[in-house]
Structures are given as structure tokens and as C-alpha cells.
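> Quick one: this structure, given as C-alpha cells, is what I'll be asking you about.
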Amino acid sequence: MDKNIKASKTIHVLRIPMTGIQIHGEDTVNSGDTLQLSAECLPKNTTDDKKVVWTSADEEVASVDSNGLVTAKRGGSVEYCFMRRI
């Protein structure tokens, strides 16, 4: 007797959306020094893509590399942005 027995199951895949980003690190750095920033995607268990891009609002004051390492160039204040790639 040749019987084909089959079964199926529906699986629901849930998305946990990113709701925010926190940037961690010191608030001051001396000119000529470096400072490491880190970022945390919230909630921690988000299923969204966590790949990011760091940017500096004023490269003349301080630059930031792709890993969040800030290099201070001269006195002033600068805002850093950590963006999720969509």
C-alpha cells in the first residue's frame, strides 16, 4: 500500500520594530584626543536591521569613523548622529 501522508503548519513571523537609539560615551574630549562612542538600538531584541552609519555635524570640530571613534580637531561643540540603515 502506497499512501502519501502530508502535514502542514502556518507560522507567524513577528517583527519587533526599533523604537529608538541611545548613544553612550563621554560628553567632553580634549582637542587632539579621541573618544569612543557606542550606540544601542531599542528595544534590545528588535528584529530590524541594526547596521548603522555615524555622522558628525561639523567635521572641522571633530570627525567620527564608522566604528564611532571621535577624533577631536579643535574647540567647539558638535552633534553626532547614529542612523539605522533602512
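> So how strong a dipole does the chain carry about its Cα centre when Lys and Arg Cβ are +1 and Asp and Glu Cβ are -1, to the nearest 20 debye?
About 900 debye.
> Say the dipole of the range 3-81 comes from +1 at the beta carbon of Lys and Arg and -1 at that of Asp and Glu; which of S66, T47, S8 then lies farthest toward its positive end?
Farthest along the dipole direction, towards plus: S8.
> Could you work out how far apart the two model spin labels at R15 and D33 are, taking each label as a point 7 Å from the Cα in the direction of the beta carbon, and quote it in nm?
Calculated label separation equals 4.3 nm.
> Under the definition of Cα pairs under 8 Å and six or more residues apart, what whole-number percent is the relative contact order of the range 20-84?
Contact order relative to length: 35 percent.
FYI, it's all coordinate maths here, none of it is from the lab. Every value quoted in this text rests on a predicted model; they were computed, and no experiment measured them. A quick note on method: Cβ atoms are made from the backbone with ideal geometry, for glycine too, and the neighbour counts reach across all protein chains shown.
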